[in-house]
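What follows is a set of notes on a single structure, which appears directly below.
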Amino acid sequence: MALMARRVVHIHPTLLCNLTCAHCYSTSSPQMPRGLDPDDILKATAQLAEQGYDSASLSGGEPTIYFGLDRLCDGLRDQNFSVSVITNGLQPRRIVSFAERHRPDLISVSFDGLAPRHDLIRRKQGSFERAMESLMRLTGAGHRCGAVVSLGEDGMEDIPALVAQIAAAGASHVQIHPVSELGRGLTSAIVREPSDDTLLRAMVLSQVLDVMYPECRIICDALTGDLLQAKPRPKVGELVSPVVIGADGQVFPVAYGLAGQFSFGNLSDGVSPTVYSAALVDLIDRCWNDAASRAATAFYPDLTRLSHAERKAAVAGQT
Ligand SMILES: C[S@@+](CC[C@H](N)C(=O)[O-])C[C@H]1O[C@@H](n2cnc3c(N)ncnc32)[C@H](O)[C@@H]1O
Ligand code: SF4
């Protein structure tokens, strides 16, 4: 199995959203500005395409309410990117209409548990039902869909029944994604980051469910040390995927919310998304060695721990 099959650009064109979820790492809300100019984003993606990046993943904020969505999708297609979109599924008709216009390669709908937990975390009654309706309408219209399921410390008990519903709705895969304490998730009393023990259980459960639902791939976003030990560390450039374009124009390697020292720069200053800082190379070395020596590990939280510390200090400084 390839560690990085595709080279991905994660684009957060806006933090404007029709929800204010309790765990939201990007602190998105209806009060945020409308977002980046799509043509500024396309200048950066043109550079990245030349470096071999071939897959664009649109997030946010809620990408389906971004004012520049049509222009951005058309431009990305012209640059030969495959396009995937993640949505909260709150507006089924709008989402299906977007899918019909642009035929994205993949649409993922987000879930946080069964209806009571999902609606509590999304802070909107009925949001689970609408997300499930979006998923069913999209698959019914022939679009390739996945589901991203956030997992906090208390969410495990919902996973088997939720996966059964998502598989029955026709999703091609379910990605179980551990909650990170970032953004609103940093101070949320509703969701906590899963412990290593819970992550390990989630990894085992995802493999069991994967066997139970052969038509729907179930994966957990935590890497096993075995996978890493089997390989010598690739060159840094091969590991830097995704590149993340934030709604403030900052461009980061690997993960949203990394500490400032890893930033490639801002879209407004012109970015060189292939010049890696010594700090990033050192961090990747340490993560690789650390991860490869453990039976199970959450690679993403390891990478972002430093950034969490920076954000926690910033929050502490404000209070
Ligand atoms: C930030 S949202 C943007 C796209 C869209 N609004 C949605 O909710 O799908 C992207 C994904 O991040 C997940 N997410 C939000 N906050 C998170 C956190 N603190 N840790 C892990 N995943 C988180 C959401 O559940 C969603 O699946
Ligand atoms: S998780 Fe998605 S839907 Fe929820 S506030 Fe954040 S961007 Fe909006």
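Classify segment 17-110 as rounded, prolate or oblate, taking a ≥ b ≥ c as the square roots of the eigenvalues of its Cα gyration tensor: rounded when a/c is under 1.5, otherwise prolate if a/b is larger than b/c and oblate if not. Prolate shape, in that a/c is at least 1.5 and a/b is the bigger ratio.
Fully extending the segment from residue 195 to residue 29 would add 57.0 nm, taking 0.36 nm per residue of separation and subtracting the current Cα-Cα distance. From the Kirkwood radius over Cα pairs of segment 70-163, Stokes-Einstein at 4 °C and 1.567 mPa s returns a whole-number translational diffusion coefficient of 93 µm²/s.
Considering only the Cα atoms of segment 110-173, their convex hull presents on average a projected area of 3.9 nm².
Rounded to two decimals, what is Rg over Rh for segment 111-220 when you use alpha-carbon atoms and the Kirkwood radius? Ratio value, two decimals: 0.96.
Distances between placed amide hydrogens fall under 5 Å for residue 243 paired with 8, 9, 10, 254, all partners being 5 or more residues away or on another chain.
Taken together, the values in this text are just the output of simple stated rules run on the coordinates, not laboratory data. Everything numeric here is computed off the predicted structure, so don't read it as measured data.
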